Structures are given as structure tokens and as C-alpha cells.
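In what follows, a structure is listed as C-alpha cells, so that the remarks can point back to it.
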């Protein structure tokens with residue numbers, strides 16, 4: 001989804017002044033026809049946003065379910081940092097689901113009432129009735145537009161945190177793969193040769209720490225997770 005950019009809405013007084021200033025019947029007809037299409041487009045836009053929010057809620061819930069159901073497997077394959085990566089993936093997935101459900105919540109709309117539909121004062125002329133219809137369409141479009149913007153903002157935030165959750169999930173798989181590969185490398189003849197060179201030639205006593213699973217995975221884990229979180233927060237705050 002793209003970023004939301006809106007122009008300032010007109011007030012009811014400004015709309016009334018512009019309608020009254022229009023004297024051409026053809027222009028009134030065009031405004032009336034265009035208003036009908038714009039009202040339908042606004043309703044369709046709300047449906048489209050809600051459809052995307054439903055998909056994002058399902059994706060976020062699926063990530064959380066996958067992490068919880070397979071936690072016994074992936075936690076044993078990694079280390080303590082693996083748990084933190086899985087935790088971040090789950091939290092961001094939950095946040096995505098929450099924002100998506102919030103976007104799907106029911107909102108109050110301004111609809112055309114029966115009195116507005118059958119406005120007795122406008123029965124004298126068709127042009128007068130269309131002028132009033134334009135005003136009522138403006139009210140409906142404004143109300144639905146405000147709701148649509150609110151839903152779209154929450155859905156955009158849900159998309160941001162879904163991206164963060166997927167990134168953490170991919171990083172979780174990558175981290176487990178690196179750990180398993182590194183375990184295999186430590187048991188090879190080459191690591192024994194490397195230990196001998198470090199210990200007997202360079203006399204560096206800290207090689208055990210540098211080659212330990214905990215230190216390497218901690219250094220690798222902190223930076224990517226922090227970067228993912230900062231990028232998600234920055235993009236989310238820009239939507240305010």
C-alpha cells in the first residue's frame with residue numbers, strides 16, 4: 001500500500017457557497033453525476049482496505065501460530081539469542097494482527113436520511129433537488145472518507161509490522177542455519193589447526209570467547225533486530 005496524502009477538506013459553508021455560485025445547469029448535472037461516482041468509489045475503497053486488513057490479520061496470526069507450534073523445535077536448534085529473535089517475530093506479528101483487527105472494527109458513517117432523500121422544499125425544480133443532492137453527497141463522501149483514511153492508516157501500520165515480523169522470521173531461520181553450520185565447522189580438522197595457530201603462534205588467549213556460540217550470535221543478533229525495529233517505528237510514526 002502507498003502512503004496516504006490528503007488535501008484539506010472543504011467546510012459545509014464553502015460547499016454551499018460554491019453550489020450557489022454555479023448558475024449553469026449542465027455544470028450542476030456534471031457535479032451531481034461525478035458526486036455519485038465519487039461516493040461509490042469511496043465505499044469501494046473502504047472495502048478494499050478492509051480486504052487487505054483481513055489478509056494482514058491472517059498473515060500475522062499465522063506467523064504467531066507457526067512460532068508457537070514449532071517453538072520446541074527451533075529453540076533447541078539455536079541458542080538464547082534464537083529465543084529473542086522468535087520473540088520479536090511473534091510480538092511484531094501480534095502487533096500486525098491487532099492493528100488489522102482495529103482497522104476492521106465497525107465505524108459510524110454519515111448516511112443520507114429519508115428526510116434528506118425526500119426533501120419537500122426541493123420538489124419544485126429538478127435543478128434545486130440536484131443542488132441539494134450534491135450537498136448531501138458531499139456530507140456522505142466526507143464522512144466515509146474520514147473513516148477510510150483512519151482504516152487505511154491502521155492497515156498501513158499493520159503492513160509495516162507484518163514486514164518486520166517476516167524479516168525477523170527470515171532472520172531466525174538464517175541464524176539457526178549459521179549456528180548449525182558453525183557447529184559443524186568447529187568439529188572439523190580446520191578449527192583444530194586454527195586453535196593451534198592462535199594459541200602457539202599468536203598467543204591470543206581470548207580465542208575461546210571469539211569462537212563461542214553465545215558471543216558470535218549475540219553480536220550478530222543485536223544489530224539486525226535493532227535495525228528492523230527502528231525502521232518499522234520510523235515508518236509507522238511517519239503516518240501520524
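Among the residues of region 218-228, just one is modelled with pLDDT of 90 or more and crowded, with 16+ Cβ neighbours inside 10 Å, namely 228. When each of 110, 159 is tested for being within 35 Å of the chain's Cα centre (by Cα) and not in a helix (DSSP H, G or I), the lone residue that passes is 110. Within region 67-90, if we keep just the residues that are surrounded by 13 or more Cβ atoms within 10 Å (Cβ to Cβ) and free of Cβ contacts under 8 Å to residues at least 24 places away in the same chain, the residue that is nearest to residue 130 (Cα to Cα) turns out to be 87. Summed over region 17-37, the residues that are surrounded by fewer than 15 Cβ atoms within 10 Å (Cβ to Cβ) and assigned to a helix (DSSP H, G or I) give a count of 13.
What do you reckon, is residue 175 assigned to a helix (DSSP H, G or I) and at pLDDT 90 or above?
no
Looking at this structure, is residue 143 in contact (Cβ under 8 Å) with a residue 24 or more places away in the chain, over 18 Å from residue 49 (Cβ atoms) and either assigned to a helix (DSSP H, G or I) or in contact with a helix residue (DSSP H, G or I) (Cβ under 6 Å, 6 or more places away or on another chain) (or both)?
Values: in contact (Cβ under 8 Å) with a residue 24 or more places away in the chain: yes; over 18 Å from residue 49 (Cβ atoms): no; either assigned to a helix (DSSP H, G or I) or in contact with a helix residue (DSSP H, G or I) (Cβ under 6 Å, 6 or more places away or on another chain) (or both): yes.
No: the conditions fail for residue 143.
May I ask you to verify whether residue 58 is loosely packed, with under 14 Cβ neighbours inside 10 Å and in a helix (DSSP H, G or I)? Walk me through how you get there before you give the answer.
Working: loosely packed, with under 14 Cβ neighbours inside 10 Å: yes; in a helix (DSSP H, G or I): yes.
Here the answer is yes, as residue 58 does meet what is asked.
The values are calculated or read from the model by the stated rules, or taken from the named source; none is laboratory data. These figures come from a predicted structure and were not determined experimentally. In this analysis, Cβ positions are derived from the backbone assuming ideal geometry, glycine residues included, and neighbour counts consider all displayed protein chains.
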